[in-house]
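The values are calculated or read from the model by the stated rules, or taken from the named source; none is laboratory data. Not measured: the values here are computed from a predicted model. Neighbour counts run over all protein chains shown; Cβ positions are idealised from the backbone, glycine included.
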Amino acid sequence: MPTISNKGKAMPQSPIRKLVPFAEEAKKRGVEVFHLNIGQPDIKTPKVALDAVKNNTLEVVAYSRSEGSEEYRTKIATYYEKHDIHVTANEIIVTTGGSEALLFTFGSIMDEGDEVIIPEPFYANYNGFSIAQGVKVVPVFSGIDSNFALPPIADFEALITPRTKAILICNPGNPTGYLYSKEEIQKLAKIAIKYDLFLIADEVYREFAYDGTEHFSVMQVKGLEQNTIMIDSVSKRYSMCGARIGCIVSKKPEVIETALKFAQARLSPPTYAQIASEAALETPQSYFDAVKSEYVERRNILVSELEKIEGVKVAKPKGAFYCIAELPVENADDFAQWLLEEFNLNNQTIMVAPAAGFYSTPGLGTNQVRIAYVLKKEDLVASVNILKAALKQYNA
Ligand SMILES: Cc1ncc(COP(=O)(O)O)c(C=O)c1O
């Protein structure tokens, strides 16, 4: 009998999606489910992007260049310039989402058995990309009590081995909402240089930095040009998750040349989506201002409501649109499933992402959940109300 690969068997299930069948069952029973589990924003995609697809006159939906269209990459470089990131079109490879950018990056710089150090909790799909490329994830612990700030540099150094090739950070963080400061990035830059490591930064939430904070990119660190690889995406920036456009940015020519070979093997990023993404670059600043203030209001309301529940601890996010909440339960996996299978408050319930799946050290995060504040404020308030009633009943 033909058999499945060990790699295939080792691929983890998404902690975000694994409860979907239970949510579907709840819906069939007529229960309304508030989805706090997934980072699918309800924000409208900019009209310029939608119109560019509606109004274009393509007669053949052809492949584009493997690295992405010249016009689009040139315009992305201009966009980065506004963020004080100085790159050219040739230092950018357009990918099918940030996901493919991560996959190509891992494939380009790491061999079977090589190691990447990642502060945990981290975006769970980093596990999947690592397994797909035979790379070992080495987690470095960051805790809720420090709001998931950068772990001490000594903790990174203690984990560096001859197989360590890279450090990967997500800034601002999914699932933590933590925004690394310029000082923290510079500390990472120092060890990247000291140990000859790549510093990969997933900056897909760049625009979502709150409370007057400024996002500082790894691409802005002087002298780190040969070590940095930035991962980007239009998914969250323009609420265009379904467009499937991202990119790899690096000033190290070998990284770009190698990633291009992966890009050539899959031929081309999607053509229509590049048209939409190129037009999205014309989105007025007022769009971002409105989106940002909406998220800040949502965050404030969510955090303050959560803090009112006895036994709940929250790390106040400074960016992105997620937060980790520690709950007075032993097993958040079980609680999340119970919420969907057995509980409802006036025929409504919530779906959350159990946080253990965002840690790679077994046993961590078992009493935590990730909440995505991608819903309207009144739905967030209703959701926290449901959580409060559910905790009372679950713990009774
Ligand atoms: C931190 C982070 N990186 C990368 C991605 C991948 O995004 P996409 O493939 O939609 O660009 C996501 C999606 O949620 C994410 O949260």
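Considering PHE262, PHE335, PHE321, PHE343, the condition of being in contact (Cβ under 8 Å) with a residue 40 or more places away in the chain, within 22 Å of ILE43 (Cα to Cα) and buried (at least 16 other Cβ atoms within 10 Å of the Cβ) is satisfied by PHE321 alone. Restricted to helices (runs of 4 or more DSSP H) entirely inside the stretch 264-372, those with at least 1 residues that are closer than 20 Å to ALA23 by Cα, more than 21 Å from the chain's Cα centre (by Cα) and polar (S, T, N, Q) are 332-341. Listed conditions (1) of a type outside the set (Gly, Ala, Ser); (2) more than 16 Å from the ligand (Cβ to nearest atom); (3) in contact with a strand residue (DSSP E or B) (Cβ under 6 Å, 6 or more places away or on another chain) are all met by PRO269, apart from (2). All of ALA62, ALA26, ALA10 fail the test of being small (Gly, Ala, Ser), more than 24 Å from GLU100 (Cα to Cα) and touching a residue at least 40 places away in the same chain (Cβ under 8 Å), apart from ALA26. Candidates are the residues of the stretch 248-266 that are within 16 Å of the ligand (Cβ to nearest atom) and out of contact with any Pro (no Cβ under 9 Å at 6 or more places or on another chain); the one that is nearest to ILE193 (Cα to Cα) is VAL249.
GLU203 satisfies every condition listed in (1) of a type in the set (D, E, K, R); (2) away from the ligand (no atom under 16 Å from the Cβ); (3) surrounded by 17 or more Cβ atoms within 10 Å (Cβ to Cβ) except (2). Of the residues making up the stretch 373-388, not a single one is buried (at least 24 other Cβ atoms within 10 Å of the Cβ), in a strand (DSSP E or B) and among the hydrophobic types (A, V, I, L, M, F, W, C). Count of the stretch 45-63 residues, restricted to those that are modelled with pLDDT under 95 and surrounded by 12 or more Cβ atoms within 10 Å (Cβ to Cβ), is 1.
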